[in-house]
1. Classify the range 82-143 as rounded, prolate or oblate, taking a ≥ b ≥ c as the square roots of the eigenvalues of its Cα gyration tensor: rounded when a/c is under 1.5, otherwise prolate if a/b is larger than b/c and oblate if not.
2. Given Trp54, Ala37, Ile6, which one lies farthest toward the positive end of the charge dipole of the range 1-71, if we put +1 on the Cβ of every Lys and Arg and -1 on the Cβ of every Asp and Glu?
3. To the nearest Å, what is the center-to-center distance of the range 1-30 and the range 87-127, using C-alpha atoms only?
4. Along the Cα-to-Cβ line of Glu11, 7 Å from the Cα, sits a label point; which residues in the range 121-141 have backbone N less than 17 Å from it?
5. Roughly how big is the chain's charge dipole about its Cα centre, with Cβ charges of +1 (Lys, Arg) and -1 (Asp, Glu), in debye to the nearest 20?
6. Ranked highest first by average number of other Cβ atoms within 10 Å, how do 119-125, 23-29 line up?
7. Treating the angle as unsigned and between 0 and 90°, give the value, to the nearest 10°, between the Cα long axis of helix 18-36 and the longest Cα principal axis of the chain.
8. When the chain is fully extended, how far beyond the present Cα-Cα distance does Ala37 get from Ile124, taking 0.36 nm per residue of separation?
Amino acid sequence: MYLKKIDFNTEDYDNLKISELKRMCDYWLRQYLLKKAKRKGMSGYIYCPIKNTWYPEHKMQVAHYIDRACMNLRYDLKNVKLISEQSNMWDAQIPKEGYKSKHHFEYEQILKKKDKIYLQEQNIVRIFARRDFIETIEKFKNG
């Protein structure tokens, strides 16, 4: 699938499709998390709370506790964390009884009880409008 190249720094949102605004939101969420990430010394490695170890930036991915298809929580900071590619991609393919996967089980272990309750309560259907995407982009871009 070919994705149109987007200027992630543009402020001309009027010419962008909703799918492009969503890609921009995803991009700026990642940039925000990288900026706020716990880093290790000169290497700049980022801490993965699931694996309890440090990884280079390019080995870290944005992971969602409640699936990112739930737009109400897709950009909620209580629902997202930088997690190692190892956990987010590969451990997510390992079955775990009572859970979607080993990754989902381990992700739940690092969440605070109050955040789990909040996320379950907020797991509702919400349609994002153009202005919602633009506000989210600006929030993470300027945060």
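We did not get these values from a lab; they are worked out from the coordinates using the rules stated. Keep in mind that this is a model prediction, so the values were computed, not measured. Cβ coordinates were reconstructed from backbone atoms using ideal geometry, including for glycine residues, and neighbour counts include every protein chain displayed.
1. Because a/c hits 1.5 or more and a/b exceeds b/c, the range 82-143 counts as prolate.
2. In the range 1-71, that residue is Trp54.
3. 27 Å
4. Within reach of a label on Glu11, which here means backbone N under 17 Å from a point 7 Å along Cα→Cβ, the range 121-141 contributes 134-141.
5. Here the chain has a charge dipole of around 380 debye.
6. 23-29, 119-125
7. Between the helix axis and the principal axis of the chain, the angle is about 50 degrees.
8. Taking 0.36 nm per residue and subtracting the Cα distance, the gain is 28.5 nm.
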